[in-house]
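Beneath this line is the structure, given in structure tokens, with notes to follow.
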Amino acid sequence: MAVIGAGIVGVSTAIWLQRDGHDVILIDRAGPAEGTSFGNGGVLASCAVVPVPVPGLLAKAPRMLLDSNQPLFLKWRYVPRLLPWLTRYMGHANAADAARAAAALTAVIGDSLADHQALSRGTPAERWVVPSDYMFVYENRTHFLADGFGWALRRDLGFEWTELEGNAFRAYDPVFDPRLGYGVKLANHGRISDPGQYVKDLAQHVQQQGGRLVIGDVSDIAYENGKVSGVRVSGQTISCDAAVIATGVWSGPLSRKLGLAVPLESERGYHIEFWNPSVVPRSPIMVASGKFVATPMEGRLRLAGVVEFGGLDAGPSRAPFELLKRQGLAAFPGLEYSEMTEWMGHRPAPADSIPVIGEVPGIAGVFTGFGHHHVGLTGGPKTGRLIAQMIGGHRPNIDMTPYAPARFAAAGKR
Ligand SMILES: Cc1cc2nc3c(=O)[nH]c(=O)nc-3n(C[C@H](O)[C@H](O)[C@H](O)COP(=O)(O)OP(=O)(O)OC[C@H]3O[C@@H](n4cnc5c(N)ncnc54)[C@H](O)[C@@H]3O)c2cc1C
């Protein structure tokens, strides 16, 4: 079995395939956790099922773009290339599509702490999984109520929470600026205290279990008589019975070669890290006004967030880093640190906000596992398990139709 891409989705798939008795080759052009899985917010955000396109986004987005204190950025030169995807994406900013995406995401991410514990148990990566609450932080109740659409969706999908106001909020965690006075606390969540090292340790486990790690660029999938026969890696063909495309935001070219026209775009995101911080929150938090998360990590506090549209090639912009820093220092007054580091990465965003998981139509043995936008760390283990079940001929216990790559099978085979 060949798994292409050694981010959280690829390594999870490799591990569950091994546990089902398969020989696995894990292939990555840069090595494990060198893509988006390196720098995410580290939150096992089971409740983060509400997609970005929700009713009202179309009206709000232009104002957000013009305000440098809002977490939405655009590289204007990229607009012509962005437009076809953006049109489809914005077309999903309605209640019915948001509810459909939220229901699909719940089945993949709704039990993520248990999924990560099951994945990492008995591996060197186990130590990075930390059970915790997840707290959404608002200024006040009015501010919370303004997010009512998302919370109603979560309630309908069975999520439960506790609201903490004023003194109760401060008693839970006194680290926040007094202007933040309302918390929504969800139990049974978690964090990964070093996402990059976590995925590297999982990949090491794959090797310890006899898997082969190949560093190389996969340019194509070979197939004969409608069945996969190998993958082309750096000019050579490696034979395989099944191949999994887990190449995150870079999945477009391989998908197109297999006849899939997936509307996939990068939602560029940023993190900064305050090393040796003088204060850390008790659990990972989402500061709702800035839409960034703050997560305690090994030796540092990581702030991650911002959506920037600008494609895969352009380097990072300065403004998102500055915004995260301003907002972080405002949320945690008196925060001191020894050093600040920065990172930019690419969330793989399909226009309908539903990950693309399943067998490629017309080519037996080729599977996709990509498109997890803001929640790929959270949903990677479950995705890997589902793919391994499909490859092994075991029927997953959820309906896989909503995720099927067949919904994008429009381009015609080569
Ligand atoms: C700022 C930010 C914060 C985030 N915070 C969170 C969070 O708190 N919680 C959460 O759940 N998610 C979060 N995410 C999202 C999450 O990080 C991603 O959804 C997830 O990492 C995607 O994992 P992946 O395995 O699909 O892709 P990746 O981790 O990108 O892995 C894909 C791999 O494929 C390799 N590759 C690509 N093309 C080829 C090829 N042709 N041949 C060989 N190898 C190839 C790449 O080198 C890469 O290693 C965040 C993302 C960002 C940017």
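What is the extension gain from residue 326 to residue 83, computed as 0.36 nm multiplied by their sequence separation minus the C-alpha to C-alpha distance, in nm to one decimal? It would help to have the intermediate numbers written out before the result.
On the way: separation 243, 0.36 × 243 = 87.48 nm, distance 3.08 nm.
Stretched fully, the residue 326-residue 83 segment lengthens by 84.4 nm.
Of the listed peptides 335-344, 238-247, 373-382, what is their order by residue-averaged count of other C-beta atoms within 10 Å, with the highest listed first?
Numbers: 335-344: 13.9, 238-247: 23.9, 373-382: 27.8.
In decreasing order of mean packing, 335-344, 238-247, 373-382 become 373-382, 238-247, 335-344.
What whole number of Å gives the distance from the Cα centroid of segment 9-31 to the Cα centroid of segment 202-255?
So the separation of the two Cα centres works out to 10 Å.
Taking H placed 1.01 Å from N in the peptide plane, check which residues at least 5 places from residue 52 or on another chain put their amide H under 5 Å from its amide H.
For residue 52, no residues qualify.
Relative to the Cα centre, what is the charge dipole magnitude of segment 140-264, using +1 at the beta carbon of each Lys and Arg, -1 at the beta carbon of each Asp and Glu, and rounding to the nearest 20 debye? Intermediate results must be reported in sequence, preceding the final value.
Working: 13 positive and 13 negative charges, 31 e Å.
My answer is approximately 140 debye.
Amide H of residue 139: which non-local residues (sequence gap of 5 or more, or other chain) have their own amide H closer than 5 Å, using H built in the peptide plane?
181
Taking Cα centroids, how far is segment 288-351 from segment 144-193 in Å?
21
Helix-only mean residue ellipticity at 222 nm, the chain, DSSP H runs n ≥ 4 weighted -39,500 (n - 2.57), per residue, nearest 500. What is it?
Working: 12 runs with 129 residues, N = 414.
Per the formula, -9500 deg cm²/dmol.
Once you charge only the Cβ atoms, +1 for Lys and Arg and -1 for Asp and Glu, what is the size of the charge dipole of segment 2-408 about its Cα centre, to the nearest 20 debye? Could the numbers behind the result be given before it?
Details: 37 positive and 37 negative charges, 107 e Å.
Computed charge dipole of segment 2-408: roughly 520 debye.
Short version: ³J(HN,Hα) in whole Hz for each residue of segment 122-130, in order, from phi by Karplus 6.51 cos²θ - 1.76 cosθ + 1.60 (θ = phi - 60°), x for Gly and Pro, what are they?
Whole-Hz 3J(HN,Hα) from phi for segment 122-130: x, 10, x, 7, 3, 5, 8, 8, 10.
Over segment 287-350, what is the relative contact order in percent, taking alpha-carbon pairs closer than 8 angstrom and at least six residues apart?
On the way: 31 pairs, mean separation 14.6, N = 64.
About 23 percent, as a whole number.
Can you give the convex hull volume per residue for the Cα atoms of segment 1-45, as a whole number of Å³? Each step should come with its number before you reach the end.
Working: hull volume 2.9 nm³, N = 45.
With only Cα atoms used, segment 1-45 gives 64 Å³ per residue.
Starting from the Cα of residue 399, move 7 Å in the Cα-to-Cβ direction to define the label point; list residues of segment 343-386 whose amide nitrogen is under 17 Å from there.
354-355, 357-358
With a 1.4 Å probe and all protein chains kept in place, how do 38, 73 rank by accessible area, largest first?
Details: 38 80, 73 30 Å².
My answer, sorted largest first, is 38, 73.
Semi-axes of the equivalent ellipsoid of segment 256-364: what are they in whole Å, largest first, if each equals the square root of 5 times a C-alpha gyration tensor eigenvalue?
Semi-axis lengths for segment 256-364 are 34, 15, 12 Å.
Once amide H atoms are built 1.01 Å from N in the peptide plane, which residues 5 or more positions from residue 44, or in another chain, come under 5 Å H to H?
Under 5 Å from the amide H of residue 44: 190, 191, 192.
Given a Förster distance of 41 Å, report the FRET efficiency between residue 170 and residue 65 from their Cβ-Cβ distance, rounded to the nearest 0.05. Spell out each step's value before the answer.
Numbers: r = 35 Å, r/R0 = 0.84.
According to the calculation, E is roughly 0.75.
Would you work out which of 373, 85, 130 lies farthest towards the positive end of the dipole of the chain? Charges go on Cβ: Lys and Arg +1, Asp and Glu -1.
Value computed over the given set: 85.
Sort 297, 390 by heavy-atom solvent-accessible area, probe 1.4 angstrom, most to least. Intermediate results must be reported in sequence, preceding the final value.
Details: 297 15, 390 45 Å².
Ranked from most to least accessible, the order is 390, 297.
What percent do you get for the relative contact order of the chain when only Cα pairs under 8 Å and 6+ apart count? Walk me through the intermediate numbers first.
Details: 921 pairs, mean separation 109.6, N = 414.
Here the relative contact order equals 26 percent.
How large, in percent, is the carbon and sulfur part of the accessible surface of the chain at a probe radius of 1.4 Å?
Details: 8580 of 16630 Å².
About 52 percent, which is the carbon plus sulfur part of the accessible surface.
So for segment 2-408, what are the equivalent ellipsoid semi-axes in whole Å, largest first, each being the square root of 5 times an eigenvalue of the Cα gyration tensor? Walk me through the numbers on the way to the answer.
On the way: eigenvalues 232, 106, 82 Å².
After diagonalising the Cα gyration tensor, the semi-axes are 34, 23, 20 Å.
Once R0 is set to 30 Å, what does the formula 1/(1 + (r/R0)^6) return for the Cβ-Cβ distance between residue 207 and residue 114, expressed as a FRET efficiency to the nearest 0.05? Provide the component values of the computation, followed by the final result.
On the way: r = 25 Å, r/R0 = 0.85.
Efficiency, from the Cβ-Cβ distance: 0.75.
The values are calculated or read from the model by the stated rules, or taken from the named source; none is laboratory data. Because the structure is predicted, anything quoted here is derived from the model rather than measured. Here the Cβ is made from the backbone with ideal geometry for all residues, glycine too, and neighbour counts use every protein chain on show. Only protein heavy atoms, including side chains, enter the accessible area calculation; ligands, DNA and RNA are left aside. Shrake-Rupley method; radii C 1.70, N 1.55, O 1.52, S 1.80 Å.
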